[in-house]
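The block underneath contains the structure these notes are about, expressed in structure tokens.
Nothing in this text is a laboratory measurement; each read-out follows from the coordinates by a stated rule. Please read these numbers as outputs of a predicted model, since none were measured by experiment. All Cβ positions, glycine included, derive from the backbone under ideal geometry; neighbour counts span all protein chains shown.
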Amino acid sequence: MEALSRRKVLLAGLAGVGAASAAAGGVVLIRNAHEAGAYDAAVLDTWRHSDSFETPLPAASRELVRYATLAANSHNTQPWRFRISDRSISVAPDLARGLPSVDPDNHHLFASLGCATENLVQAARAFGLRATASFDAAAGGINVDLERSPPIKSPLFEAIPQRQSTRSVFDGRAVPFEHLRLLEAAGNGDGVQLRLFTERKQLEDILAYLVAGNSAQMGDAAFIAELKAWLRFNYAEALETDDGLFSKASGNPTLPSWLGRLIFGLVVTKDSENKKYEAQIRSSSGVAVFISDKNEPASWSAAGRCSQRFALQATALGIRHCFINQPVEVPAVRGQFANYVGAGARRPDLMMRFGYAPELPRSLRRAVDQVLLPA
Ligand SMILES: Cc1cc2nc3c(=O)[nH]c(=O)nc-3n(C[C@H](O)[C@H](O)[C@H](O)COP(=O)(O)O)c2cc1C
């Protein structure tokens, strides 16, 4: 609530600054600088550890929800709702935030709930709570039971506010063998198998599937319209909603909304995107593919949990990651890709590249009060 009202005050201030400087001229530059400042303040407020870990259960539960919202999630739609009860927290889908074009069966939506659950479970231990998560098929969500236990701040917990999806070219360095083993241990479990690919020939093979998936999506008007609806072309747009894909977080410049929407189709083309993915894969140390044992929401969320654990372990080791899900999103490509990774009849759920690179600007999250369901 506090964070939300602070942000609203900043935005209201911006409106005032904009009006005053319009009279004086130079409105664009001044506005931009103030919006960038407001964005930086929102980032600091979002990507932080709690001030105290010795809090009573109700306050700890709110903080656990905040940590959960810092998880990766498809298009940053944040498709979740949380209900805090006496000794449990339920993680429920917010179907209004689904992505019918890229994710028609809500696979990524349930994977995103799994990502949030993994953060919640990792954070619970820091508050002296043991969290046991189980998929509740009847309720269509995940239930996390909490019991008192000795507090432990694990490296994965410490990594939660440092993790980000880094959509840049990496530096091509190889990940040491012992770190690959740690990534493997983090990304397997609960019926989910992780397959790691690090040989150059394998990465070129995977690039061909990525290009096939991307080419199909870039030729799909519904996919593009949905993506555009979740793009945030400048600081003000991103601050207005606290969700979506902020241009700077993808390594792109900010633009006025009207200009961004107008030129998007001219600048972002099938060929430009395929070239970008070539450079991204060829500079990555490897690719991780997560394959769950059943094609149903419980398993999709288990794959999300494994991918989030992998991402946290990578972050703890100074390794960056970025999802590249096109080969598993386009059904015609997914079948061939399943053969390539030896998934048999199983569905490859998610995939990421990993390697080394500097951090990019951060994405935002909605405040806890906006994602809480009544108890
Ligand atoms: C199920 C799922 C699918 C995703 N697919 C992609 C993807 O294909 N490409 C991509 O760049 N990011 C993808 N992401 C990453 C999200 O866009 C990212 O988590 C979100 O924008 C928030 O940013 P953050 O991870 O830096 O906090 C995916 C995330 C999840 C959980």
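Counting other C-beta atoms within 10 Å, and keeping those with at most 16, which DSSP coil GluC sites (Glu not before Pro) do you find in the range 167-237? Could the numbers behind the result be given before it?
Values: sites: GLU178, GLU184, GLU199, GLU204, GLU226, GLU237; in loops: GLU199.
For GluC sites (Glu not before Pro) across the range 167-237 that sit outside H, G, I, E and B with at most 16 neighbouring Cβ atoms in 10 Å, the list reads GLU199.
Over what distance in Å are the Cα centres of the range 294-321 and the range 181-227 separated?
Each part's Cα centre sits 13 Å from the other's.
Amide H of ARG130: which non-local residues (sequence gap of 5 or more, or other chain) have their own amide H closer than 5 Å, using H built in the peptide plane?
Hits under the 5 Å cutoff: GLU147, ARG148, SER149.
Amide H neighbours of ASP136 under 5 Å, counting only residues 5+ apart in sequence or on other chains, H built in-plane at 1.01 Å?
Sorted by chain and number, the residues that satisfy this are GLY141, ILE142, ASN143.
If R0 is 41 Å, what FRET efficiency do you get for LYS270 and THR241 from their C-beta distance, rounded to 0.05?
Details: r = 28 Å, r/R0 = 0.68.
Efficiency, from the Cβ-Cβ distance: 0.90.
Read phi for every residue in the range 360-369 and hand back ³J(HN,Hα) as whole Hz from Karplus 6.51 cos²θ - 1.76 cosθ + 1.60, θ = phi - 60°, with x for Gly and Pro.
Once rounded to whole Hz, the list reads 9, x, 8, 8, 10, 9, 6, 5, 3, 4.
Helix-only estimate, please: 222 nm mean residue ellipticity of the chain, summing -39500 (n - 2.57) across DSSP H runs of length 4 or more and dividing by its residues, to the nearest 500. The partial results should precede the final answer.
Values: 14 runs with 185 residues, N = 375.
Per the formula, -15500 deg cm²/dmol.
Using a 10 Å cut-off around each Cβ, can you sort ARG200, ARG163, ARG97 from fewest to most neighbouring Cβ atoms?
Numbers: ARG200 9, ARG163 22, ARG97 19.
Listing ARG200, ARG163, ARG97 from fewest to most nearby Cβ atoms yields ARG200, ARG97, ARG163.
Taking loop as defined by DSSP and a crowding limit of 15 other beta carbons within 10 Å, which GluC sites (Glu not before Pro) in the range 275-375 fit? Mind dumping the intermediate values first?
Working: sites: GLU278, GLU329, GLU359; in loops: GLU359.
The qualifying sites are GLU359.
On a C-alpha basis, how far is the centre of the range 78-139 from the centre of the range 326-375 in Å? Whole number, if you could?
15
By average Cβ neighbour count within 10 Å, what is the ranking of 366-373, 343-350 from highest down? The partial results should precede the final answer.
On the way: 366-373: 16.2, 343-350: 19.2.
The most tightly packed comes first, giving 343-350, 366-373.
Under 8 Å for C-alpha pairs, at least 6 residues apart: give me the relative contact order for the chain, rounded to a whole percent. Walk me through the numbers on the way to the answer.
Details: 659 pairs, mean separation 89.2, N = 375.
Once divided by the residue count of the chain, the mean separation gives 24 percent.
Among the lysines in the chain, how many pairs, 8 or more places apart or on different chains, have alpha carbons under 29 Å apart?
For the chain, the number of qualifying lysine pairs is 12.
Among GLY141, SER215, ASN274, which residue has its Cα positioned farthest towards the positive end of the charge dipole of the chain, with +1 placed on the Cβ of Lys and Arg, -1 on the Cβ of Asp and Glu, and the dipole taken about the Cα centre?
Most positive-ward Cα: ASN274.
Modelling each spin label as a point 7 Å along the Cα-to-Cβ direction, I'd like the LEU372/ARG130 distance in nm, to one decimal.
Placing both labels 7 Å along Cα→Cβ, they lie 2.8 nm apart.
Take the Cα of ASN252, step 7 Å along the line toward its Cβ, and report every residue of the range 156-170 whose backbone nitrogen sits under 19 Å from that point.
165-170
How large is ³J(HN,Hα) for each residue in the range 28-42, as worked out from phi by the Karplus curve 6.51 cos²θ - 1.76 cosθ + 1.60 (θ = phi - 60°), to whole Hz, x for Gly and Pro?
Per-residue couplings from phi come out as 5, 5, 5, 4, 4, 5, 5, 5, 4, x, 5, 5, 4, 5, 5 Hz.
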